[in-house]
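K.L.:
Take this structure, written in structure tokens, and hold onto it; I'll ask about it next.
The values are calculated or read from the model by the stated rules, or taken from the named source; none is laboratory data. Remember, it's a predicted structure, so these values are computed and weren't measured experimentally. In this analysis, Cβ positions are derived from the backbone assuming ideal geometry, glycine residues included, and neighbour counts consider all displayed protein chains.
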Ligand SMILES: N[C@@H](CCC(=O)N[C@@H](CS)C(=O)NCC(=O)O)C(=O)O
């Protein structure tokens, strides 16, 4: 059976999860803990980044490659626009988020979470057995240098650049969606999915797979609240409401049979 191995509350992983859920592709899902994931993911794919998807007997690494492979096997509902020009535009937006805003926004998030390592551990380990959660929380403070190195945080200037990236991405999405519901043409596409999954890192999204463990540290809650009234936040909530049928993530078999099918298009 096909299988996704992923981290909880990570934008690239959310992107792959959303595509699988959108297409209701039958699969098994297994959550990995950042750090201990490395030998496993490396052995399967030769690199350590998640998400990775086992599809048709081989492992695929990377959210964009995963979406491309899914799109080839399950063309409907489509995430790639049919028109070649619109498809190129959607893929360019995906690339911009993947390669530029994605890594930078993540530095801003770690800038918020590294001062509260126990909560940071909880973000990734929620749902795991208590003993594992406890051990993970104990080791989290020691992991700070590795997290910084792995995410390109050398000095505080890198976190500040991340904050600028959050503002850039929010303002860009808001400008693009002033008078239309979607980023490309008039339908939901990989561009909207990617942008919404990435902006989800910087706002509260209750009843979605990007919801956070409660209570949150005051500092992090205040940071998430800062952009709550930004027009792009309203757009992200609309995309989740209209196109993300699952309100919680799952471990094990995909629960698609239980999904309501009456999703409404965004206005
Ligand atoms: N370009 C990749 C980036 C994936 C990525 O950066 N994943 C992070 C989590 S957000 C990760 O697994 N980092 C741990 C590692 O690289 O070992 C994609 O689109 O999936």
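K.L.:
Which residues, taken from region 148-166, are without any contact (Cβ under 8 Å) to a residue 40 or more places away in the chain and either buried (at least 17 other Cβ atoms within 10 Å of the Cβ) or not assigned by TED's automatic domain parsing to the domain that holds residue 122 (or both)?
P.N.:
Scanning region 148-166 gives a single hit, 148.
K.L.:
If a residue counts only when it is away from the ligand (no atom under 11 Å from the Cβ) and touching a residue at least 60 places away in the same chain (Cβ under 8 Å), which strands (runs of 3 or more DSSP E) contained entirely in region 1-73 have at least 3 such residues?
P.N.:
28-31
K.L.:
So is residue 194 under 30 Å from residue 126 (Cβ atoms) and buried (at least 24 other Cβ atoms within 10 Å of the Cβ) or not?
P.N.:
In short, yes.
K.L.:
Of all residues being surrounded by 12 or more Cβ atoms within 10 Å (Cβ to Cβ) and without any contact (Cβ under 8 Å) to a residue 12 or more places away in the chain in region 74-87, which is nearest to the ligand (Cβ to nearest atom)? Just the residue, please.
P.N.:
Going through the qualifying residues, I end up with 87.
K.L.:
Then there is this: Quick one: which of 16, 68, 74 is at pLDDT 95 or above and under 14 Å from the mean Cα position of the chain (by Cα)?
P.N.:
Being at pLDDT 95 or above and under 14 Å from the mean Cα position of the chain (by Cα) holds for just one of 16, 68, 74, which is 16.
K.L.:
Also, I was wondering about something else. Suppose we keep only residues that are touching a helix residue (DSSP H, G or I) at 6+ places or on another chain (Cβ under 6 Å) and within 16 Å of the ligand (Cβ to nearest atom) within region 128-146. Which one would you say is farthest from residue 252 (Cα to Cα)?
P.N.:
140
K.L.:
Out of (1) within 22 Å of residue 5 (Cβ to Cβ); (2) at pLDDT 95 or above; (3) more than 15 Å from the ligand (Cβ to nearest atom), what's the single condition that is false for residue 106?
P.N.:
All conditions pass for residue 106, except number (3).
K.L.:
Of everything in region 25-54, what is within 25 Å of residue 259 (Cβ to Cβ) and either touching a strand residue (DSSP E or B) at 6+ places or on another chain (Cβ under 7 Å) or surrounded by 15 or more Cβ atoms within 10 Å (Cβ to Cβ) (or both)? Give them in sequence order.
P.N.:
25, 27, 28, 29, 30, 31, 32, 50, 51, 52, 53, 54
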